[in-house]
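What follows is a short report on a single structure.
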Amino acid sequence: MKIEKNRILIFILVLTFAKWTTAQDIGFKKVDSLSVKYYYSAQCDSLLRLAKEAKRNHIDYYYLNYRVGAAYFLKSDYMMAAYFLGNAYSQNKSALFDPYFKSIYFKSLLYTKQNITANSLLVYGDSLDRLVGIKYRGSVYFDALYGKAIPLISQRQLRLSKRNIFSQTDYQQAISMFSGGATAIISRKMQLWVDYGYADLAMVGAIENESVFDTRNYKVNQKVVNIKSQYQWNRKSSLSSAVGLSFVNGNPFGIVDTVTNALGFYPYAKTSFMLGLDYQHRYKNIRWGISGAVSNFGDKSRQLQVGASFIWFPKGNLDLYSHTQVFMTRDVTPQFRPILYQQLGIKLVKNTWLEGEVIYGDVKNFTLLSNNYSFEIANHIYGMASTKIIYVLNTYFNLFAGGQYWWKYADKLEYDTNGKEFKQIINYNQFNILGGIQWKF
């Protein structure tokens, strides 16, 4: 038995030594000859294993990166293909004179939406559609959303508590929203987005004092213009800046005379701004970033938010992707509140994707810079979940449609005879349907 254990121990030591010596003995000449062999025989997996051995031995040169990038391209891992082909290009700028290199490099970039990087590599007179048969200069898009609180908050929930003398509640009953925008690559290293949105909110205002209980419907509308620019200073890093203007108008129901406490509708108008920055860094099949924004949404308030993002493409392409963002935002109170965002997308069948999103946290007066969108006139929200189907109709048009569910709450403010304020929370839900179209040019 002891002899058998010794044999096993000797076998493990010999195997470990063999692997160690193999890793140590591999050199440039062997890597080059084997990589040529695997490349021309399309043995992609063997080539990728060899590349790992080469990296451990600090072997890194143009042709190896070229061959490894091509292997990843054949395996449809376009993120990794773009990474290694980009390394090859950094080592040899004349690589773009190689038609095959140029073709797979540009396709890898475009298949993973690295459009600015692809555009920055074009020489004078070239165009992507002529080089690789893929045309992209920008896009125009339109989308719409309609939603309603289901069920509505009951009259009983809006009534004044017995111990108090005044209560007021406002909540969103329905929303209809339309938005449109365009994006275009405006220079070799810059892309610009311009978005316009219009929203109509059907609101309910409920007020009760010792002598009267009254509920009225009123309207609030919002017009928003957001502009975002992205500067790609190299193939790995970019910086986006965003500015937004919001114009809110409405006729809320409330106290119009503080002397007589008369109730009625009064005009309301508010202009707000938003400024934001977002830094993104790409490494192989992941992208991480940090962002921040300031705004003055709402009455007499200032918002500050900071966040971090992580995007992962497990297959190295758009067949499966995950986008996670974590934010800390501060509104009227000095305390920061967390907001979590998660998006998952998967290709179901040819030309069809399923995409889901979840946001946890109160997004009132919060800006999601990645979507170039601000939740200014939203009521308080615990969270929201949405799912949609995206269909690529052809080279030029994408369509999408889906549903969205919001877990919401409204503040019911009450006052006693001493003027002390009490806040109650009324929970309710809202369901939205959404759809849109995108034209790429």
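Residue count for segment 365-380, restricted to those that are without any contact (Cβ under 8 Å) to a residue 60 or more places away in the chain and surrounded by fewer than 18 Cβ atoms within 10 Å (Cβ to Cβ): 2. When you go through 241, 291 one by one, which is the residue that is within 30 Å of residue 353 (Cβ to Cβ), of a type outside the set (A, V, I, L, M) and loosely packed, with under 15 Cβ neighbours inside 10 Å? Just a single option satisfies the conditions, and that option is 241.
Answer yes or no as to whether residue 71 is in contact with a Cys (Cβ under 8 Å, 6 or more places away or on another chain), buried (at least 22 other Cβ atoms within 10 Å of the Cβ) and in contact (Cβ under 8 Å) with a residue 12 or more places away in the chain.
yes
Is it the case that segment 205-219 has a residue that's closer than 30 Å to residue 313 by Cβ, among the hydroxyl-bearing types (Ser, Thr, Tyr), surrounded by fewer than 15 Cβ atoms within 10 Å (Cβ to Cβ) and at pLDDT below 95? Walk me through it before giving the result.
Of segment 205-219, the ones closer than 30 Å to residue 313 by Cβ are none.
No, the conditions are met nowhere in segment 205-219.
Cβ separations smaller than 7 Å between residues 6+ apart or across chains give the following pairs from segment 110-121 residues that are touching a residue at least 12 places away in the same chain (Cβ under 8 Å) to residues that are assigned to a loop (DSSP other than H, G, I, E, B) and among the charged types (D, E, K, R): 116/189; 117/235; 119/188; 120/188; 120/189. Screening segment 384-441 for residues that are part of a strand (DSSP E or B) and of a type in the set (Lys, Arg) and picking the one that is modelled with the highest pLDDT gives 388. The helices (runs of 4 or more DSSP H) found wholly in segment 46-122 and carrying at least 3 residues that are touching a Lys or Arg at 6+ places or on another chain (Cβ under 8 Å) occupy 78-91, 115-120. Assessment of segment 263-283 against the conditions (of a type outside the set (Gly, Ala, Ser), within 30 Å of residue 212 (Cα to Cα) and free of Cβ contacts under 8 Å to residues at least 12 places away in the same chain) yields no matching residue. Annotation note: Cβ proximity below 7 Å between a residue of segment 178-196 that is of a type in the set (Ser, Thr, Tyr) and a residue that is loosely packed, with under 15 Cβ neighbours inside 10 Å (sequence gap 6+ or interchain) occurs for 179/196; 196/225.
When the residues of segment 377-419 are filtered to those that are among the aliphatic types (A, V, I, L, M) and over 21 Å from the mean Cα position of the chain (by Cα), which remaining residue is farthest from residue 271 (Cα to Cα)? If you could, list the steps in order and put the result at the bottom.
Kept after step one, since they are among the aliphatic types (A, V, I, L, M), are these residues of segment 377-419: 377-378, 381, 384-385, 389-390, 392-393, 399, 401, 410, 413.
From what's left, over 21 Å from the mean Cα position of the chain (by Cα): 393, 410, 413.
Values: 393: 39, 410: 23, 413: 25 Å.
Looking at residues that are among the aliphatic types (A, V, I, L, M) and over 21 Å from the mean Cα position of the chain (by Cα), I get 393.
The set of residues from segment 256-270 being aliphatic (A, V, I, L, M) and within 41 Å of the chain's Cα centre (by Cα) comprises just one member, 269.
The values are calculated or read from the model by the stated rules, or taken from the named source; none is laboratory data. All values reported here derive from a predicted model rather than from experimental measurement. Backbone-built Cβ (ideal geometry, glycine too); neighbour counts: all protein chains shown.
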